[in-house]
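Heads up: the structure comes next, in structure tokens.
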Amino acid sequence: MSHKYIFVVGGVMSGVGKGTVTAALGRVLISKGFKVTAIKIDPYINVDAGTMNPVEHGEVFVTVDGDETDQDIGNYERFLDANILSVNYMTTGRVYQSVIQRERNLEYEGKTVQVVPHVPNEVIDRIERAAHHAEADFVLIEVGGTVGEYENILFLEAARLMRMKYPDQVRSILVSYMPVPAAVGEMKTKPTQQAVRMMMGAGLTPDFVVARSALHIDKPRIEKLAMFSNVHADHVIGSPDVDSIYKVPLLFEEQKFGEKILWSFGVEPRQKTGLSKWKQMVGRIENAKSEVKIGVVGKYFSTGDFTLSDAYLSVIEAIKHASWAQGKKPKLVWLNSEEYEKSPSKLKELSQMDGIVIPGGFGSRGVEGKISAIRYCREKKIPYLGLCYGMQCAVIEFARNVAKLKDANTTEINEKTQHPVIHLLPGQEELVKDKSYGGTLRLGAYECKLAAGTVARKAYGNALIEERHRHRYEFNNEYRARLQKAGLVVSGVNPDQDLVEIIELKNHPFFVGVQFHPEFQSRPMNPHPLFVGFVKAAMRK
């Protein structure tokens, strides 16, 4: 079977859920017996997601082969239960960079290089490479932004050209918001009608419309969309708000979305096992009643009057996966580390939590509050899991307050500290000096050897593991012996470079810090073992 391509574009507003729709549809097609991959196109000039503001753009997700990508790549991995590689991610900056480099290399053979067709053709080449690399039957391509804005018009042009090139192999889906204004009291189709017109203005007619709304779209609204949007009424799919995104594949299955997609391509299902295992997993979510209360101490929370959690999306999902697997309903509480610097007495609220997580981050803002929170967890025996920066802060706290290295710090915060227990990775000095930041961290999967008899070894059940990294600073081995003598347990080490990957404490319910990001490998049907161990400890508290 030749590759089939499905473009997913957005209408009316951003954040409507294109990524979830893409991932959920992928899961449905997998259940029909097909091999599926997904691609994200970001309309930003940034070459990768690593240089974007996490409050504005959300989490930076790291692939196993070391690419810094949009958070939707993480959604694809969790729903498709497969690793998505760097070939599946592109930005405007990345595409233009390739076109310019090819022009410099005379690969266009002296032709005048134009925005159209050369930029859309580069997009098409990348899509086809990803399809070939994954050997996919279906390739889902999510186009960032919404129709009608100038930033993604070249990607829509690529979709149009692909439709011309492969008329029987390309389809498009418009994911559009259907508002229900409180003062009006009914679902309105007009914004989506306008979005369809703008999409048609770009040379594309949607084959399907996914109606995102607080409520399920009803028959009169479906008929109105069909009449004014050139979409068959049977191809309008309702996607109301649900309390868990993992219910969306089941919602699509009820409406036979997968069968309708296959029918539009003239393809028959290869199997009829359906989503039985997925249904079981959703059942565990619904049956989880008793709560486990997890505090997340961070700083990327607020934008104006709103609290945004997307900066820690994979961490949130990993906590959920582990909690559901134990029959628990996770209750996440956002704790701002900067508040602990202003009012140390607020640290008492940590005692109300069953467990504390400090995720990754950069910079000095709120770091002393994180260190204070870690000390509270260590002394009060509250289960603690530190991720990346959360591990580094745990090392600093232990060095200061247990090993009595009062000035201990990371050189990221204080270059002149007397005790740089965390310092720059070897080879990073010149990059920092030259301000070469984009894509230059330690990225991707690295091996880690676990020490026998440790919490980490017990959680994983293996002596050698592989985890994904995204950091520039590292545990300083010059202090390893001194900190170990004071009681710090080094339970995981990279065997190639002798880098400390995991630290933990004895005589504590659960106190583990990891230099990597285990959250990137957690899946709803296969929760990460470290998060499972952490949640079990939190349940005991």
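Quick look at the numbers
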quantity: Within the chain: Cβ-based charge dipole about Cα centre, in debye rounded to nearest 20 (Lys, Arg +1; Asp, Glu -1); calculated: 1820 debye
quantity: Anisotropy class of the range 117-158 from Cα gyration tensor, a/c 1.5 cut; calculated: oblate
quantity: Using a Förster distance of 22 Å, the FRET efficiency for Ser2-Tyr108 (Cβ separation, nearest 0.05); calculated: 0.20
quantity: Set of aspartates and glutamates near Lys279 by C-alpha distance (under 13 Å), chain-local residues within fewer than 8 positions excluded; calculated: Glu253, Glu254
quantity: Links that overshoot a 23 Å alpha carbon limit, given the list Lys406/Lys536; Lys18/Lys331; Lys18/Lys260; calculated: Lys406/Lys536; Lys18/Lys331
quantity: Relative contact order of the chain, pairs being alpha-carbon contacts under 8 Å that are 6 or more residues apart, as %; calculated: 15 percent
quantity: Rounded to the nearest 20 debye, dipole of the range 289-540 from Cβ charges on Lys, Arg, Asp, Glu; calculated: 1020 debye
quantity: Least to most buried among Met391, Met52 (fewest other Cβ within 10 Å first); calculated: Met52, Met391
quantity: Listed peptides 284-292, 67-75, 351-359 by packing density, highest first (mean Cβ within 10 Å); calculated: 67-75, 351-359, 284-292
quantity: Dipole of the chain [Lys/Arg +1, Asp/Glu -1 at C-beta], most positive-end residue of Ile316, Ala195, Ile6; calculated: Ile316
quantity: Length gained when the stretch Lys342-Thr51 is fully extended (0.36 nm per residue, less Cα-Cα span); calculated: 101.9 nm
quantity: Fewest-first ranking of Thr410, Thr273, Thr454, using other Cβ atoms within 10 Å as the exposure measure; calculated: Thr273, Thr454, Thr410
quantity: Leading residue at positive end of dipole, the range 1-105 (Cβ point charges), from Val55, Gly19, Thr69; calculated: Gly19
quantity: Glu151 paired with Ser364, simple spin-label distance in nm, labels 7 Å along Cα-to-beta-carbon; calculated: 3.2 nm
quantity: Fewest-first ranking of Ile41, Ile100, Ile382, using other Cβ atoms within 10 Å as the exposure measure; calculated: Ile100, Ile382, Ile41
quantity: Listed residues Phe516, Gly360, Ser337: farthest to the positive end of the dipole of the range 289-540 (Cβ charges); calculated: Ser337
quantity: Charge dipole magnitude, Cβ of K and R +1, D and E -1 - the range 341-417, Cα centre, debye nearest 20; calculated: 240 debye
quantity: Rounded if a/c under 1.5, otherwise prolate or oblate - the range 388-541, Cα gyration tensor axes; calculated: oblate
quantity: Pairs from Lys4/Lys320; Lys40/Lys458; Lys320/Lys342; Lys370/Lys541 whose Cα-Cα separation, in the structure shown, is over 28 Å; calculated: Lys4/Lys320; Lys40/Lys458; Lys320/Lys342
quantity: Residues whose placed amide H lies under 5 Å from that of Phe510, excluding near-sequence neighbours; calculated: Tyr384
quantity: J(HN,Hα) series, the range 445-454, from Karplus relation 6.51 cos²θ - 1.76 cosθ + 1.60, nearest Hz, glycine and proline x; calculated: 7, 9, 6, 9, 9, 9, 7, 5, x, 9
quantity: Among [x] 30.7, 112; [y] 26.3, 88; [z] 24.6, 75, the entry derived from the coordinates for Rg and Dmax of the Cα atoms in Å; calculated: [z]
quantity: Cα-projected label distance for Lys293 with Ala226, points at 7 Å along beta-carbon direction, nm; calculated: 5.1 nm
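Coordinate-derived values only; no laboratory data. Just so you know, these numbers come straight off a predicted model, no measurement behind them. Backbone-built Cβ (ideal geometry, glycine too); neighbour counts: all protein chains shown.
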